[in-house]
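Working notes, structure below.
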Amino acid sequence: MATDLPKSAWRRVTWREGSNAPLASRFAAVRVRPAHRDYNRPTARPEEWLLIEWPTGEAEPTKYWLTTLPETTSRRALVNLAKLRWRIERDYQDLKQELGLGHYEGRGWRGFHHHATLCIAAYGFLVAERATIPPSAEPRPPRLEIPALPKDYRPRGAANPT
């Protein structure tokens, strides 16, 4: 199917800055209706996006993605989301190596959930702090304001004042 698409279906899309040059490739985005044992279904499956990457100089397309994103999604948005995998894997590696996500040795779900929540909160804080340090960005005051506590607030586990 990809090789039968007209030249006009392919567009060059840049998804991020690489270390030497912008990362870009040719992509086609086509609405398709995936079929898998549809003869057992009373109605056809809904249409989905098929995103195809065919880098310049390659003999045939190299990567394919199926997504259920809305029909109004732009090709650039489809490419940006498809190429997020590298960034997500880097974040996960940082969480495991730098913040101790992989150090949990307990046996319960609740303990692991608490451990993972704290690691992710710490990582979010570090990413926000890193974004305020040049050359990543101009220094600026934090965007988040600390909300005021309600007058009747009592920390969980605190003694009842009455």
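Odds and ends about this structure:
- Selection count where residues are in contact with a Lys or Arg (Cβ under 9 Å, 6 or more places away or on another chain), loosely packed, with under 15 Cβ neighbours inside 10 Å and of a type in the set (Lys, Arg), scope the stretch 79-103: 1
- Close contacts from the stretch 15-29, counting a first residue that is under 14 Å from VAL79 (Cα atoms) and a second that is acidic (Asp, Glu), with Cβ to Cβ under 6 Å and a gap of 6+ residues or different chains, come to SER25/GLU53; PHE27/GLU53.
- In the stretch 68-89, the residues that are under 18 Å from GLU48 (Cβ atoms) form Cβ pairs under 7 Å with partners that are in a loop (DSSP other than H, G, I, E, B) and open to solvent by less than 60 Å² (accessible area, probe 1.4 Å), at six or more places apart or across chains, as follows: LEU78/LEU69.
- Contact map, the stretch 116-142: residues that are among the charged types (D, E, K, R) paired with residues that are at pLDDT below 80 and assigned to a loop (DSSP other than H, G, I, E, B), Cβ distance under 7 Å, separation 6+ or inter-chain. Pairs shown: ARG130/SER136; ARG140/THR132.
To keep it simple, each residue is scored yes or no on (1) over 23 Å from ARG85 (Cα atoms); (2) assigned to a loop (DSSP other than H, G, I, E, B); (3) of a type in the set (D, E, K, R); (4) more than 23 Å from the chain's Cα centre (by Cα).
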| position | (1), (2), (3), (4) |
| --- | --- |
| TRP15 | no, no, no, no |
| SER19 | no, yes, no, no |
| HIS36 | yes, yes, no, yes |
| ALA44 | yes, yes, no, yes |
| TRP49 | no, no, no, no |
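- Residues of the stretch 51-68 that are surrounded by fewer than 15 Cβ atoms within 10 Å (Cβ to Cβ) and either of a type in the set (Val, Ile, Thr) or assigned to a loop (DSSP other than H, G, I, E, B) (or both): PRO55, THR56, GLY57, GLU58, ALA59, GLU60, THR62, THR67, THR68.
The values are calculated or read from the model by the stated rules, or taken from the named source; none is laboratory data. Bear in mind that the values here come from a model prediction, so they are computed numbers and not experimental data. Ideal geometry is used to build each Cβ from the backbone, glycine not excepted, and the neighbour counts take in all protein chains shown. Areas reflect the complete protein model, heavy atoms only, side chains present, ligands, DNA and RNA absent. Shrake-Rupley method; radii C 1.70, N 1.55, O 1.52, S 1.80 Å.
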